[in-house]
Amino acid sequence: MEFNEKLQQLRKQKNMTQEELAESLYVSRTAISKWESGRGYPNIDSLKVIAKFFEITIDELLSGDELLTIAEEDNKQKTRYFQDLVFGLLDLSVAILLFLPLFGQEADGAIQAVSLLDLTAISPYMRIAYFIIIIGIIVWGILTLALQNISQKLWVQSKNIISLILNTVGVLLFIISPQPYVAMLLFIYLIIKASMLIKKH
């Protein structure tokens, strides 16, 4: 008997509706419906709660193949969560460029180190370009952290790619400018992100 059939059988033995079971397990009714229809499996933590609630072992709930599938999916999810955390925090930390003196500007024949907010001795267009790319990276970092639990396919596939693109554009912009310290910082971030994606595959 498959997991979805076992769960349905166990619920009916207790004369419970899907909604009542959902409340008892602290999950949504949609989750119960999904599990019972065979459209997905609970994660390891939810499985422990289900087994405890019905007073059976996890082995009684699942076949060996199902357990392996869930373990693999759980591992993928944890890796994705950690990756999102790193990407999001790196992107968010770009906010330091607004305040730390990492930009160079010429003043009285010498180069001064200033923050982006104090950077005035460049063309307005270049200054706007700096702000756009830095704020774009920060906003993307906030979105990555805020939407970690979103499993919509387009979002999952594109979030890291867009982060890499923004980072790459930033590196190129600050190399061309030239702003070597800022370019180097973003390049280090880019290497960290790329190595995480390569390691994942």
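Residues are listed down the side, and each one gets a yes or a no for (1) assigned to a helix (DSSP H, G or I); (2) not hydrophobic (A, V, I, L, M, F, W, C):
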{"residue": "Glu60", "(1), (2)": "yes, yes"}
{"residue": "Leu100", "(1), (2)": "no, no"}
{"residue": "Gln105", "(1), (2)": "no, yes"}
{"residue": "Met126", "(1), (2)": "yes, no"}
{"residue": "Phe131", "(1), (2)": "yes, no"}
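Within segment 76-98, can one find any residue that is among the small types (Gly, Ala, Ser), within 19 Å of Ile188 (Cα to Cα), out of contact with any Leu (no Cβ under 6 Å at 6 or more places or on another chain) and at pLDDT 85 or above?
Checked segment 76-98: at least one residue is among the small types (Gly, Ala, Ser), within 19 Å of Ile188 (Cα to Cα), out of contact with any Leu (no Cβ under 6 Å at 6 or more places or on another chain) and at pLDDT 85 or above.
Just to check your reading of the model, which residue among Ile165, Ile133 is touching a residue at least 40 places away in the same chain (Cβ under 8 Å) and closer than 25 Å to Asp84 by Cβ?
Ile133
Within 25 Å of the chain's Cα centre (by Cα) and in contact (Cβ under 8 Å) with a residue 24 or more places away in the chain - does that describe any residue in segment 46-67?
There is no residue in segment 46-67 that is within 25 Å of the chain's Cα centre (by Cα) and in contact (Cβ under 8 Å) with a residue 24 or more places away in the chain.
Taking the condition in contact (Cβ under 8 Å) with a residue 60 or more places away in the chain and either assigned to a helix (DSSP H, G or I) or touching a strand residue (DSSP E or B) at 6+ places or on another chain (Cβ under 7 Å) (or both), does Leu117 pass?
no
Look at Thr79 and say whether it is more than 21 Å from Ser24 (Cα to Cα), assigned to a helix (DSSP H, G or I) and within 15 Å of the chain's Cα centre (by Cα).
yes
Is it the case that Trp155 is aromatic (Phe, Trp, Tyr), under 19 Å from Ala95 (Cα atoms) and within 16 Å of the chain's Cα centre (by Cα)?
No; evaluated as a whole, the condition is false for this residue.
Assigned to a helix (DSSP H, G or I) and not assigned by TED's automatic domain parsing to the domain that holds Ile133, is that true of Ala31?
In short, yes.
The values are calculated or read from the model by the stated rules, or taken from the named source; none is laboratory data. Note that the coordinates shown come from a computational prediction; the quantities given were computed from them, not determined experimentally. Reconstructed Cβ throughout: ideal geometry from the backbone, glycine too, with neighbour counts over all protein chains shown.
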